[in-house]
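A quick write-up on the structure given underneath.
The values are calculated or read from the model by the stated rules, or taken from the named source; none is laboratory data. Remember, predicted model here, so these are calculated numbers, not experimental data. Ideal geometry is used to build each Cβ from the backbone, glycine not excepted, and the neighbour counts take in all protein chains shown. Just so you know, the surface numbers come from the protein's heavy atoms only, side chains and all, with ligands and any DNA or RNA stripped out. Shrake-Rupley method; radii C 1.70, N 1.55, O 1.52, S 1.80 Å.
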Amino acid sequence: MNIFFDLDHTLWDFEQNSKQTLFGLYQKYKLMDKIIKNETISFDDFLIAFKTTTKSLWKQHHLGLVDKTKIRQLRFSSIFEELHKMKKKDIQFDKNLNLLKELENEYQYTCPRQPHLLPFALDMLTYLHSKGYQLHILTNGFEESQKLKLKHSGILHFFKNIITSDCTGFTKPNPIIFNHALSISNATPQNSIMIGDSFDADILGARSLGMKTIFYNPLKKTPQHSVASYDVSCWKEIEGIL
């Protein structure tokens, strides 16, 4: 049996790792002083702006409107623009392009090297590996950063193949990336399971090919369109399924 895992928000704790990275940048570069003039921006404001901007940029990426390079060019300037909207007043931002570049470069370097996994993810992978399942990563993330995340969180050795949207040119739920993953893994839909936190990208995408699915659903959201093969809110539940 082949098991394909999403990475961010499924195994690797994107929220904690990103927050830790951003807090380091906020303090190191004294962003409350350098980003704007005549206004103080709290770290909470900065984090909210980051989340809003990231969600928007990734949505555009999935639609094919922006590529990896564009995301990295736009990320921090878009965060500052979002802060301006949040304050709903005329804030004069310091248009320091060198600062924007430094922030992006350091974010790219530091964030993927953060080690935090979601609760019980390591125990779950250890269990599945001991049972002889063939484990693979199938992610919409960028090739180099996803491999760094796997390495620095200590789980790279669990996975036989790492398939990214970056290397295939297609993002989940496009069936092309799923078919590519099945092909290089010598797998079929009938002997494969897709596990992920995105109902649209992971669950509906895999189901369109006839794969079984496990929806990682820690917030216990109710799926809108159809039902996954299994729904788990904690990785401890995996032993009752596989």
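Summary value for the chain: 24 percent relative contact order, contacts being C-alpha pairs under 8 angstrom separated by 6+ residues.
Could you size up the charge dipole of the chain around its Cα centre, putting +1 on the beta carbon of Lys and Arg and -1 on that of Asp and Glu, and report it in debye to the nearest 20?
For this selection, approximately 280 debye.
Note on the chain: dipole from Cβ charges, positive end direction compared against 191, 84, 179; the farthest Cα belongs to 84.
Distance from the C-alpha centroid of region 51-88 to that of region 167-242: 27 Å, rounded to the whole angstrom. Rounded to 0.05, the FRET efficiency of the residue 239 and residue 70 pair, given R0 = 35 Å and the Cβ-Cβ distance, is 0.25. Across region 122-136, computed HN-Hα scalar couplings (Karplus, 6.51 cos²θ - 1.76 cosθ + 1.60, θ = phi - 60°) run 5, 4, 5, 5, 4, 5, 5, 5, 5, 8, x, 5, 8, 9, 9 Hz from first to last residue, x flagging Gly and Pro. Amide H to amide H distances under 5 Å link residue 162 with 137, where only residues 5 or more positions off or on other chains count and H is placed in the peptide plane.
Computed about the Cα centre, the dipole magnitude for region 1-65 is approximately 260 debye when only Lys and Arg (+1) and Asp and Glu (-1) carry charge, each at its Cβ.
Counting only Cβ charges, +1 for Lys and Arg and -1 for Asp and Glu, the dipole size of region 95-221 around its Cα centre is about 280 debye.
The length gained by stretching the chain between residue 227 and residue 85 to full extension, at 0.36 nm per residue less their Cα-Cα distance, is 47.4 nm. For residue 13, the shell of other residues with beta-carbons less than 14 Å away shows a net charge of -1, using +1 for Lys and Arg and -1 for Asp and Glu.
Using the rule -39500 (n - 2.57) for each DSSP H run of four or more residues, divided by the residues of the chain, the 222 nm mean residue ellipticity is -13500 deg cm²/dmol. Put simply, the amide H of residue 213, placed in the peptide plane, has neighbours under 5 Å in 194, 229, 230, leaving out anything fewer than 5 places away on its chain.
A simple spin-label model places the labels of residue 129 and residue 33 4.6 nm from each other, with each point 7 Å out along Cα-to-Cβ. Put simply, when 60-68, 140-148, 18-26 are sorted by average Cβ atoms within 10 angstrom per residue, most first, you get 140-148, 18-26, 60-68.
In the frame of its principal axes, region 1-157 has Cα extents of 60, 32, 25 Å, reported largest first. Computed in the context of the full set of protein chains, the accessible area of the chain at 1.4 Å probe radius has 51% of its extent on carbon or sulfur. Each of 75, 207 has its accessible area taken with a 1.4 Å probe; listed largest first, they run 207, 75.
Pairs spanning more than 21 Å between alpha-carbon atoms, out of 51/101; 59/212; 19/149; 147/172; 55/151: 59/212; 55/151. For region 158-215, the equivalent ellipsoid derived from the Cα gyration tensor has semi-axes of 15, 14, 11 Å, listed largest first.
In Å², and per residue, what accessible area does the chain have when probed at 1.4 Å with the other protein chains present?
Working: 12290 Å² over 242 residues.
Ligands and nucleic acids excluded, the result is 51 Å² per residue.
When Rg and the Kirkwood radius Rh are both evaluated on Cα atoms of region 49-138, their ratio Rg/Rh stands at 1.13. The 3J(HN,Hα) values that the Karplus relation (6.51, -1.76, 1.60; θ = phi - 60°) gives for region 18-25 are, in residue order, 5, 4, 5, 5, 5, 5, x, 5 Hz. Gly and Pro appear as x.
Here region 1-76 is described by how far its Cα atoms reach on the three principal axes: 58, 27, 17 Å, from widest to narrowest.
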